[in-house]
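Chemist: Before I ask anything, let me first share the structure, which is written out below as structure tokens.
The values are calculated or read from the model by the stated rules, or taken from the named source; none is laboratory data. As the structure is a prediction and not an experimental result, all values here were calculated from the model. When we count neighbours, we look across all protein chains shown, and the Cβ atoms used for this are built from the backbone with ideal geometry, even at glycine. Just the protein is used for accessible areas: all its heavy atoms, side chains included, with ligands, DNA and RNA removed. Shrake-Rupley method; radii C 1.70, N 1.55, O 1.52, S 1.80 Å.
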Amino acid sequence: MSLLVVGLSHRSAPVSVLERAALSVDAQAKLLQDTLAAEPAAEAAVLATCNRIELYADVDKFHAGVAELSTLLAQHSGVGLEELTPYLYVHYEDRAVHHLFSVACGLDSMVVGEGQILGQIKDALARSQELHTAGKLLNDLFQQALRVGKRAHSETGIDRAGQSLVTFGLEQLAEGGSVENWAEGKRALVIGAGSMSSLAAATLARAGVRELVIANRTQERARRLAEILADSGTEALARAVPMADVADELTRADVVVSCTGATGLVLTAEAVATAVGGATPAPAVRDTPAPSADPAAGTAGGDATGFEQHAAWLEKARGDGPAPVAARDGGAPQGRTTSLALLDLAMPRDIDAAVHRIDGVRLVDIESLAEASADAPMADDVEKVRGIVSDEVAAFGAAQRAAHITPTVVALRTMAADVVAGEMTRLEGRLPGLEDKQRAEITQTVRRVVDKLLHAPTVRVKQLASEPGGAGYADALRTLFDLDPQTVAAVSRADHMNNENDDPNRGRA
């Protein structure tokens, strides 16, 4: 069996294709199950982030594996195979290991050196373990990738080469200025309570926002995140709200970060336009009721002016006209004094791209981040990380190849022990008068002879098998000593079960 990865990322595909190919959590689970049901695959794991979708599998046939994995990715992503194929990349065996280790170190990230990918790799491993689609190879591979990523961050300055997407996105919103100066005193709305949203909330709190509002479909997760932020020692006031309150909170927010697993838009252009123009005015100011984000709601029973204003909002959202604003009594229209900054880290997108046409609104999303990071400077430490990756790939390959031949060596020694036991039984039949001491001495002598004869060749074959191209030595050993393949397989299964029983944490992310 051999490691194969088929995938697409921001390096191989435009954001528009990545967005359409994005997999929900349920789709990832179904993809894993269908991959395992496919003939070429024995193990499977999916690494799906905002800028990559990769399917890892242990396959017995390369060409059949590539065809099957590509077809499955197309089926579950909803993008036709013919359209998806030009954007797919394939890595096999050591190159597949090298690719995952590079990803874990942040070398393949949109923002080089970002550490968020380690949590995503951990989640991918946990998901495949829960679904029982990861076996020994993928467990070893992903756990080693996590160790390699941590080593790269601890032994080099790769962190200086880039930041997380959250930090990089906030820097784009700050337009070259200090994030701390830009964020100070602002009201922030974070939509979602997953790992990326949590990181965004924590980053904003540290940057000095005045208020943090967390909205999530699961209220308990939002409340828990708000409590953590409240206890973090920052001065930001953190609170949780249900998703139904997002429209109201949007009118008071200065910055919004959204990263959910929704398959449709979370914030439409109409909703953002309504929020910007319908912001609560200062005291002694009469509100002009803002239209609902839902064209079918909020206008029933309204007068002609209300309908005209609603139509104007929709026109502005489509880029066809100016946005109406709240007005003072008898005075000129009064708009927001600050812009609304939107950071969309979701894939597919949470925020309608059309909001960039709304006056006073700035949107940074995955696509604009990809463009901004294209010319990001590379740190000297990147070369050090590449060296670490190369060394770790060689070590992982050697360990896997050595492990591959170990069951054969164990089977050979077991066969030798059986031969010794058989010959001693025959000897006892011929010499029934042997004393126990004599029998023990003869048995020990024969065993020493067998051990000495096997020691040098088995040590040497393990060394040779750990080198590149050494996979054939196990087959040669089985052929030379006429070892039963079923016996070797049984030894391998027993060894794997013993390892799991000895270490209760084995296989856990």
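Chemist: Quick one: residue 379 ticks every box in (1) assigned to a helix (DSSP H, G or I); (2) modelled with pLDDT under 85 bar one, so which box is it?
Modeler: (1)
Chemist: Still on this structure, please answer the following. Which residue pairs have Cβ atoms closer than 9 Å, lie 6 or more positions apart in sequence or on different chains, and pair a first residue in region 380-404 that is under 11 Å from residue 98 (Cα atoms) and open to solvent by less than 30 Å² (accessible area, probe 1.4 Å) with a second residue that is modelled with pLDDT under 85 and not hydrophobic (A, V, I, L, M, F, W, C)?
Modeler: 397/466; 397/468
Chemist: What are the residues in region 12-42 that are under 13 Å from residue 75 (Cα atoms) and of a type in the set (A, V, I, L, M), if any?
Modeler: 21, 22, 23, 27, 31, 32
Chemist: Kindly list, by first and then second residue, each pair from a residue in region 25-43 that is in contact (Cβ under 8 Å) with a residue 60 or more places away in the chain to a residue that is assigned to a loop (DSSP other than H, G, I, E, B) and open to solvent by 90 Å² or more (accessible area, probe 1.4 Å), limited to pairs with Cβ atoms under 6 Å and residues at least 6 apart or on different chains.
Modeler: Qualifying pairs under 6 Å: 42/1.
Chemist: A further question on this structure: Of the residues 235, 180, 171, 211, which is touching a helix residue (DSSP H, G or I) at 6+ places or on another chain (Cβ under 8 Å) and in contact (Cβ under 8 Å) with a residue 12 or more places away in the chain? Let's see the steps before the verdict.
Modeler: Values: 235 fails: touching a helix residue (DSSP H, G or I) at 6+ places or on another chain (Cβ under 8 Å); 171 fails: in contact (Cβ under 8 Å) with a residue 12 or more places away in the chain; 211 fails: touching a helix residue (DSSP H, G or I) at 6+ places or on another chain (Cβ under 8 Å).
None of the others qualify; the one that does is 180.
Chemist: Just need a number here: residues in region 171-206 that are open to solvent by less than 10 Å² (accessible area, probe 1.4 Å) and more than 19 Å from residue 249 (Cα to Cα).
Modeler: Number of matching residues: 1.
Chemist: Listed residues 4, 36, 32, 73; which is under 30 Å from residue 401 (Cβ atoms), in a helix (DSSP H, G or I) and touching a Gly at 6+ places or on another chain (Cβ under 8 Å)? Write out each step before concluding.
Modeler: Details: 4 fails: in a helix (DSSP H, G or I); 36 fails: touching a Gly at 6+ places or on another chain (Cβ under 8 Å); 32 fails: touching a Gly at 6+ places or on another chain (Cβ under 8 Å).
So the residue among 4, 36, 32, 73 that is under 30 Å from residue 401 (Cβ atoms), in a helix (DSSP H, G or I) and touching a Gly at 6+ places or on another chain (Cβ under 8 Å) is 73.
Chemist: Related question: In region 405-448, which residues are among the β-branched types (Val, Ile, Thr) and open to solvent by 80 Å² or more (accessible area, probe 1.4 Å)? Walk me through how you get there before you give the answer.
Modeler: Just the residues of region 405-448 that are among the β-branched types (Val, Ile, Thr), to begin with: 405-406, 408-410, 414, 419-420, 425, 442-443, 445-446.
Those that are among the β-branched types (Val, Ile, Thr) and open to solvent by 80 Å² or more (accessible area, probe 1.4 Å): 419, 425.
Chemist: Please go through (1) in a helix (DSSP H, G or I); (2) touching a helix residue (DSSP H, G or I) at 6+ places or on another chain (Cβ under 8 Å) for residue 434 and return the number of the only condition it doesn't satisfy.
Modeler: Of (1) in a helix (DSSP H, G or I); (2) touching a helix residue (DSSP H, G or I) at 6+ places or on another chain (Cβ under 8 Å), only one is false for residue 434: (1).
Chemist: Is one or more of the residues making up region 105-116 open to solvent by 20 Å² or more (accessible area, probe 1.4 Å), at pLDDT below 90 and touching an Asp or Glu at 6+ places or on another chain (Cβ under 8 Å)?
Modeler: Yes, because at least one residue in region 105-116 is open to solvent by 20 Å² or more (accessible area, probe 1.4 Å), at pLDDT below 90 and touching an Asp or Glu at 6+ places or on another chain (Cβ under 8 Å).
Chemist: Residue pairs, Cβ under 7 Å, 6 or more apart or interchain, first in region 56-85 and without any contact (Cβ under 8 Å) to a residue 24 or more places away in the chain and among the aliphatic types (A, V, I, L, M), second open to solvent by 20 Å² or more (accessible area, probe 1.4 Å) and part of a helix (DSSP H, G or I). List them.
Modeler: From residues that are without any contact (Cβ under 8 Å) to a residue 24 or more places away in the chain and among the aliphatic types (A, V, I, L, M), the pairs are 74/81; 81/71.
Chemist: A further question follows. Going by the structure shown, is residue 145 open to solvent by less than 10 Å² (accessible area, probe 1.4 Å), out of contact with any strand residue (DSSP E or B) (no Cβ under 9 Å at 6 or more places or on another chain) and on the phi < 0 side of the Ramachandran plot? Steps first, answer last, please.
Modeler: Numbers: open to solvent by less than 10 Å² (accessible area, probe 1.4 Å): yes; out of contact with any strand residue (DSSP E or B) (no Cβ under 9 Å at 6 or more places or on another chain): yes; on the phi < 0 side of the Ramachandran plot: yes.
Answer is yes for this residue.
Chemist: In addition: Name every residue in region 61-102 that is over 24 Å from residue 385 (Cβ atoms), touching a strand residue (DSSP E or B) at 6+ places or on another chain (Cβ under 7 Å) and surrounded by fewer than 17 Cβ atoms within 10 Å (Cβ to Cβ), in order of residue number.
Modeler: Hit for region 61-102 is 62, nothing else.
Chemist: I would also like to ask the following. Restricting to region 115-135, count the residues that are in contact with a Ser or Thr (Cβ under 8 Å, 6 or more places away or on another chain) and under 13 Å from residue 56 (Cβ atoms).
Modeler: Applying the first criterion (in contact with a Ser or Thr (Cβ under 8 Å, 6 or more places away or on another chain)) to region 115-135 yields 115-117, 119-120, 123, 133-134.
Pick out the ones that are also under 13 Å from residue 56 (Cβ atoms) and you get 133-134.
Here the count works out to 2.
Chemist: Looking at region 163-217, what helices (runs of 4 or more DSSP H) fall wholly within it and have at least 1 residues that are over 21 Å from residue 113 (Cα atoms), of a type in the set (A, V, I, L, M) and at pLDDT 90 or above? Before the answer, list the steps.
Modeler: Numbers: elements: 165-173, 179-183, 195-207.
Passing ranges, in order: 179-183, 195-207.
Chemist: Would you check which residues across region 34-50 are open to solvent by 10 Å² or more (accessible area, probe 1.4 Å) and either within 22 Å of residue 262 (Cα to Cα) or of a type in the set (D, E, K, R) (or both) and list them?
Modeler: If the condition is that a residue be open to solvent by 10 Å² or more (accessible area, probe 1.4 Å) and either within 22 Å of residue 262 (Cα to Cα) or of a type in the set (D, E, K, R) (or both), then 34, 39, 43, 48, 49, 50 are the ones that fit.
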